[in-house]
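So the structure is just underneath, and the comments pick up after that.
The values are calculated or read from the model by the stated rules, or taken from the named source; none is laboratory data. Computed from a predicted structure; not experimentally measured. Counting neighbours? That spans all protein chains shown, and the Cβs are built from the backbone with ideal geometry, glycine included.
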Amino acid sequence: MASKRLLKKNVNYVMGDIIDAAYIHQMANPKKDDNKSEAIVDEAISDYDELIREINRRDVENKQRHFRDIEKDLEKKAKDLVEKLNAL
């Protein structure tokens, strides 16, 4: 079972890397429209907030299953965001 602290760190690193990649794309392609990469950054921030809110929930009966579900959700959201970044 992942601890709450490690799960928060993982969410922070994954979403931070996605945001960094979006900004690197903006700097590498200054002539392209930044609206798409800014939308990816905004989505990453909202996903981060949502995942942290879920991690901090206290009314969970089975913490092990709850954290496992959050890990799966993080993986899915990160994969979707990376696919959007690659499409730019």
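Numbers for the structure displayed
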item: Hits in region 1-38 (condition: hydrophobic (A, V, I, L, M, F, W, C), surrounded by 12 or more Cβ atoms within 10 Å (Cβ to Cβ) and not in a loop (DSSP other than H, G, I, E, B)); result: Leu7, Val11, Val14, Met15, Ile18, Ile19, Ala21, Ala22, Ile24
item: Candidate set: region 39-66, residues that are in contact (Cβ under 8 Å) with a residue 40 or more places away in the chain and among the hydrophobic types (A, V, I, L, M, F, W, C); chosen: the one surrounded by the fewest Cβ atoms within 10 Å (Cβ to Cβ); result: Ile52
item: Among the candidates Lys84, Lys79, Lys63, residue that is at negative phi and touching an Asp or Glu at 6+ places or on another chain (Cβ under 9 Å); result: Lys84
item: Matching entry among Asp20, Asp59 (being modelled with pLDDT of 95 or more and among the charged types (D, E, K, R)); result: Asp20
